[in-house]
Amino acid sequence: MGPDEISRFVHDSLLEPAIESSPARLDGPLRRRVVCLVTVVAGALLLRASLSVAPGDRLFYPATASLALLWLVGARLSGPVVPGHAHSSRGGRASHAVVQSLVWGGLLLVIFLAGALVVSQVPWLSVPVQDLLDHARRGSLPIVALLTALNGLGEEYFFRGALFQALPRHRQVLVSTVLYSVVTAFSGIPLLVLAAAMLGAVVGLQRRATGGFLAPTITHLVWSLGMLFLLPSALSLGAALFG
């Protein structure tokens, strides 16, 4: 893929806004905004509570499942949410931006895994992440993976779905990313806040480019599940290389 193809890919998948004709944006905007505000506050508090559960404690599973359910229910109660479409390389619209999303999810994963090599040498960043990964080490990895996927789906359905549609068009990417980062800050894990800002910016641009939450969801799932399975090895490699 040459420079022109790469430039076209970035433009089509992130930078060219979709032409939206979504009645959901006009369907009870005040109700949508109130529901979104309540959901954001409740989600921040529930995130804090779920991550305060000690690794290995089975209470972590229902607490994390409840958080995913909150995002999904909050988004649904706010009104209709649209899936969106992608721009194709030949113009027009592709089906649902699956390939584009897989590429962006993979790129984000590579960037964060490379960064983990450095993070492994910074205790105030690496220790909270290691504590978070202990939920998978001391619990059931398949269940944690399922909950990770459900929370990724719920977050995108809410933040790049319902919340995005509740915001003024020219501020959607910025405000949704900021609110996503603020909510993530309640986790008390600095690296997660940085991840939320970077991931939120990319999927926010994807949301604007595709007109719906589906493309951001695929990107989010590729990144989050990849981090769950590969981050421990990246941190260990960083410690071995630079320790």
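None of the figures in this text is laboratory data; all of them are computed from the coordinates on show. Everything numeric here is computed off the predicted structure, so don't read it as measured data. Counting neighbours? That spans all protein chains shown, and the Cβs are built from the backbone with ideal geometry, glycine included.
Figures for the structure shown
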read-out	value
Proxy reagent accessibility, fewest Cβ within 10 Å first, across V173, V122	V122, V173
Trypsin sites (Lys or Arg not before Pro) restricted to segment 43-85 and DSSP loop, no more than 13 other C-beta within 10 Å	R58
Label-reachable residues, segment 180-223, where backbone N falls under 19 Å from a point 7 Å from Q121's Cα toward its Cβ	191
Two-site label geometry, L174 and L37: point separation in nm, points 7 Å out along Cα→Cβ	2.0 nm
Rel. contact order, % - alpha carbon contacts under 8 angstrom, at least six apart, the chain	34 percent
Amide H within-cut-off set for G212, under 5 Å, with H built and near neighbours excluded	H85
Distance (nanometres) between label positions extended 7 Å along Cα→Cβ at V103 and L30	4.5 nm
Debye, to nearest 20: dipole size of the chain, +1 on Lys, Arg Cβ, -1 on Asp, Glu Cβ	580 debye
Lys/Arg +1, Asp/Glu -1 at C-beta; the chain dipole; positive extreme among G161, P80, V119	P80
Kyte-Doolittle at least 0.0, axis length at least 18 Å by Cα - qualifying DSSP helices, the chain	29-51, 60-78, 98-119, 141-157, 172-185, 190-210, 214-242
Per-residue [θ]222 nm for the chain (sum of -39500 (n - 2.57) over DSSP H runs n ≥ 4, rounded to 500)	-23500 deg cm²/dmol
